[in-house]
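Chemist: Questions regarding the structure given below will be posed in turn.
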Amino acid sequence: MNMKSKNTVILVGGIHLGKKPDCGETMKNQLFLKRFNELFERVIPVDTFEWRKRPWCLMKMLVTLIKHPKAKVIISASSAAKHLINFLNKFPINKTAYFWVVGGDLPVAVRKGLYDVKALNNLVYIPVQGRSMVKELNELGINNAVYVPNSKPITFHPTIQKHPQGKPYRFVFLSRIHPEKGITEIVAAANKLNEKGYKGQYSIDFYGSKDAVFAQEFEQIIYESENMEYKGYMDLTSDAGYELLSSYDMMLFPTYWHGEGFPGVVLDANIAGVPIIATDWNLNTEVIEDNVTGIIIPTHDSEALYEAMKKVITGEKDLVGMKKNCVEFVQQYDFRNILSVDLMKKLKLYE
């Protein structure tokens, strides 16, 4: 077993300490905290979850940085990230800072001038979730981006079974309940399936936190539907959650969410052996192989979503083969394999 590094790490990001993760960012940061505690002798979390409602956390962050000027500072997502990056550029109280990016919209944000290119280049490294993102950032003059894919603990091993003959096909949506996650397209596809006579042959269950602005409209959609149901929160912090997820035939992920990167939900689906119907948005095509671990459709295309769902319902897709492919594919993304000692050494975090 490797000895822990004596380096001190300060993890700054939306962690939601002491609570269950409620989004991809908090899920990832809680995983970081767990792994870094395995690798480093001292890890100091600075939780910026909902920092606008908790402005005192910014004072804690400043005090922590001043008290530990030689610590490795890992800024992991959070809307406060750009402010801290710009601050450290102007006041370099700590010269070993990293921006560990969650999501895929950093190149867009740089183009909009939301980040200072010089401030980003003053960081040690910027780990990002897609190879295409590294290329885009290089083209924008950012030379310290490095590809580090998303990862998850993989302890669950699903039992792959054929779909029970005569039973409805069960689709699952597992993400933020927001229009940009493709909810409108799902509803349109479901309406067409019903019009074409497939009403009794499928169901769609939704899991995830509701966007406050969209919540009432979504609840009305569910109320009026015979095929769709909102199920609340799916706890994937244990194998019991993955057992539930594995009971579904296919995941729906027709996203065009502006911040989408390498979504953790893609790994969750693969761990559970559930293929995905997903849009060709951002990094989806890097992490979902068409007709191997899922079905890729054009963005904003409810007709393509309808056709893909119909092919699942009518048995035109080899679901058993795709499920097996998912389970095999995801093994490379076990978090201890990704967040390895070798990676820490490459990033100059581990000495």
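Chemist: Suppose we filter the range 138-179 for residues that are under 23 Å from N29 (Cα atoms) and of a type outside the set (D, E, K, R); how many remain?
Modeler: Final tally of qualifying residues: 17.
Chemist: Can you say whether F156 is of a type outside the set (S, T, N, Q) and in contact with a Phe, Trp or Tyr (Cβ under 8 Å, 6 or more places away or on another chain), as far as the supplied structure shows?
Modeler: yes
Chemist: Please identify the pairs in which a residue from the range 242-267 that is polar (S, T, N, Q) has its Cβ atom under 6 Å from the Cβ atom of a residue that is open to solvent by less than 10 Å² (accessible area, probe 1.4 Å) and in a helix (DSSP H, G or I), counting only partners at least 6 apart or on another chain.
Modeler: none
Chemist: Any chance you could count how many residues in the range 237-256 are of a type in the set (V, I, T) and either within 15 Å of V327 (Cβ to Cβ) or in contact with a strand residue (DSSP E or B) (Cβ under 7 Å, 6 or more places away or on another chain) (or both)?
Modeler: 1
Chemist: I would also like to ask the following. Could you tell me whether V312 is outside any loop (DSSP other than H, G, I, E, B), touching a Leu at 6+ places or on another chain (Cβ under 8 Å), within 23 Å of S247 (Cα to Cα) and open to solvent by 10 Å² or more (accessible area, probe 1.4 Å)?
Modeler: no
Chemist: Given the criteria farther than 15 Å from Y98 by Cα, open to solvent by 40 Å² or more (accessible area, probe 1.4 Å), aliphatic (A, V, I, L, M) and at pLDDT below 90, does M27 qualify?
Modeler: Spelling it out, M27 is indeed farther than 15 Å from Y98 by Cα, open to solvent by 40 Å² or more (accessible area, probe 1.4 Å), aliphatic (A, V, I, L, M) and at pLDDT below 90.
Chemist: What number of residues in the range 108-122 are over 14 Å from A77 (Cα atoms) and assigned to a helix (DSSP H, G or I)?
Modeler: Matching residues across the range 108-122 total 7.
Chemist: Another one. Considering each residue of the range 181-211, count those that are under 30 Å from K20 (Cα atoms) and either outside any loop (DSSP other than H, G, I, E, B) or modelled with pLDDT of 95 or more (or both), and give that number.
Modeler: Residues flagged as under 30 Å from K20 (Cα atoms) and either outside any loop (DSSP other than H, G, I, E, B) or modelled with pLDDT of 95 or more (or both) within the range 181-211 amount to 13.
Chemist: For the range 231-288, name all the residues that are in contact with an Asp or Glu (Cβ under 7 Å, 6 or more places away or on another chain) and part of a helix (DSSP H, G or I).
Modeler: G241, L245
Chemist: On to the next question. Could we say that F91 is aromatic (F, W, Y), open to solvent by 70 Å² or more (accessible area, probe 1.4 Å) and modelled with pLDDT of 90 or more here?
Modeler: Criteria met by F91.
Chemist: Next up: Which number in (1) touching a strand residue (DSSP E or B) at 6+ places or on another chain (Cβ under 6 Å); (2) within 17 Å of V265 (Cα to Cα); (3) open to solvent by less than 20 Å² (accessible area, probe 1.4 Å) marks the one condition that V330 misses?
Modeler: (1)
Chemist: Given T279, T293, T299, T285, which one is without any contact (Cβ under 8 Å) to a residue 24 or more places away in the chain and of a type outside the set (A, V, I, L, M)?
Modeler: Among T279, T293, T299, T285, only T285 is without any contact (Cβ under 8 Å) to a residue 24 or more places away in the chain and of a type outside the set (A, V, I, L, M).
Chemist: How do the pairs read when you match residues in the range 11-25 that are within 13 Å of Y233 (Cα to Cα) with residues anywhere that are assigned to a loop (DSSP other than H, G, I, E, B) and open to solvent by 50 Å² or more (accessible area, probe 1.4 Å), using Cβ under 6 Å and keeping only pairs 6 or more apart or on different chains?
Modeler: If the second residue must be assigned to a loop (DSSP other than H, G, I, E, B) and open to solvent by 50 Å² or more (accessible area, probe 1.4 Å), the pairs left are D22/S209.
The values are calculated or read from the model by the stated rules, or taken from the named source; none is laboratory data. A quick note: this is a predicted structure, and the numbers were derived from the prediction, not measured. When we count neighbours, we look across all protein chains shown, and the Cβ atoms used for this are built from the backbone with ideal geometry, even at glycine. Areas reflect the complete protein model, heavy atoms only, side chains present, ligands, DNA and RNA absent. Shrake-Rupley method; radii C 1.70, N 1.55, O 1.52, S 1.80 Å.
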